[in-house]
Amino acid sequence: MDSRIKLIKGDITRLAVDAIVNAANPSLLGGGGVDGAIHRAAGPELKEYCKKCGGARHGEAKISPGFNLPAKYVIHAVGPIWRGGNHGEEETLRNAYLNSLKLAVKHGIKTIAFPNISTGVYGFPKEAAADIAIRTVKEFLQSHPEIEEVIFVTFDDENYRIYAEKLDLKDE
Ligand code: AR6
């Protein structure tokens, strides 16, 4: 496994990285889950900024400043809503990760933290989502030495266990 990939369990809003990724919805104006936590911690300026972003489609990502967050930027990625698996959900999830990483490179971001996009309210099965997230990040890092650290931030025990196993961190 690429040593630039890290796993932690906790609240993504606390991380002092270059960018944290938000699991947003197409309006980009906030919501529940990690989106709600990020908007609360960043302060009302984030929503004001996002009003001018024009939304994002499922699979797309947009960037904003972090405002009151310790992170410099927030990358707002919109994952797919799980509708049984035959509606391009896997490709859309991959695109949410990939477009976030591309935006990061464009903005000179070297350290980036991802939540488990789509595995909460949007209902994507966690095992399959972890496979896609890890594979997409691993492949991207192979051609992007300028990225120094990618942190997978798990919040619930189940996602932590799944990621620890897949990243081969069984002893932690
Ligand atoms: N830090 C890190 N991870 C978190 C945090 C946190 N503070 N809070 C929750 N999670 P979800 P989705 C985890 O539902 O499935 C919103 O209303 C959570 O345990 O936040 O992509 C948006 O506005 C789960 O593993 O995002 C959209 O409408 C993961 O974050 C919709 O939900 C993602 O769960 C997006 O749904």
Worksheet entry | Every residue from segment 29-39 that is within 16 Å of P65 (Cβ to Cβ) and either among the basic types (K, R) or within 14 Å of the chain's Cα centre (by Cα) (or both) | I38
Worksheet item: When you scan segment 1-20, how many residues do you find that are assigned to a helix (DSSP H, G or I) and under 13 Å from the mean Cα position of the chain (by Cα)?
Response: 2
Worksheet item: Do you know which of the residues in segment 64-104 that are β-branched (V, I, T) and over 20 Å from A42 (Cβ atoms) is surrounded by the most Cβ atoms within 10 Å (Cβ to Cβ)?
Response: T92
Discussion item. Anything in segment 125-161 that is within 15 Å of the ligand (Cβ to nearest atom) and either touching a Gly at 6+ places or on another chain (Cβ under 9 Å) or modelled with pLDDT under 95 (or both)? List them, or say none.
Written reply: P125, A128, A129, V153, T154, F155, D156
Item to complete: Taking Y49 as meeting all but one of (1) within 15 Å of the ligand (Cβ to nearest atom); (2) surrounded by 15 or more Cβ atoms within 10 Å (Cβ to Cβ); (3) more than 22 Å from V150 (Cβ to Cβ), write down the number of the exception.
Response: (1)
Worksheet item: Out of segment 70-115, which residues are more than 18 Å from R57 (Cα to Cα) and either touching a Ser or Thr at 6+ places or on another chain (Cβ under 6 Å) or among the basic types (K, R) (or both)?
Response: K72, K106, K110
Response to the item:
Residues in segment 17-46 that are out of contact with any strand residue (DSSP E or B) (no Cβ under 9 Å at 6 or more places or on another chain) and more than 9 Å from the ligand (Cβ to nearest atom) total 3
Worksheet, complete the sentence: With the first residue restricted to segment 127-145 and required to be in contact (Cβ under 8 Å) with a residue 12 or more places away in the chain and closer than 25 Å to E158 by Cβ, and the second required to be surrounded by 15 or more Cβ atoms within 10 Å (Cβ to Cβ) and of a type in the set (S, T, Y), Cβ contacts under 7 Å at 6 or more apart or on different chains are A129/S118; A129/T119; A130/Y163; A133/Y97; T136/Y97; V137/Y97
Discussion item. Name the single residue that is farthest from A16 (Cα to Cα) among those in segment 162-172 being within 15 Å of the ligand (Cβ to nearest atom) and of a type in the set (A, V, I, L, M, F, W, C).
Written reply: I162
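For every residue, the table says whether it meets (1) free of Cβ contacts under 8 Å to residues at least 12 places away in the same chain; (2) among the aromatic types (F, W, Y); (3) within 22 Å of G31 (Cβ to Cβ).
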residue	(1), (2), (3)
V74	no, no, yes
T92	no, no, yes
N95	no, no, yes
N99	no, no, yes
L103	no, no, yes
K106	yes, no, no
F155	no, yes, yes
N159	no, no, yes
Worksheet, complete the sentence: (1) within 11 Å of the ligand (Cβ to nearest atom); (2) within 15 Å of the chain's Cα centre (by Cα) all hold for N99 apart from (1)
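The values are calculated or read from the model by the stated rules, or taken from the named source; none is laboratory data. This is a predicted model, so every value here is computed, not measured. All Cβ positions, even for glycine, are placed from backbone atoms using ideal geometry, and neighbour counts span all protein chains on display.
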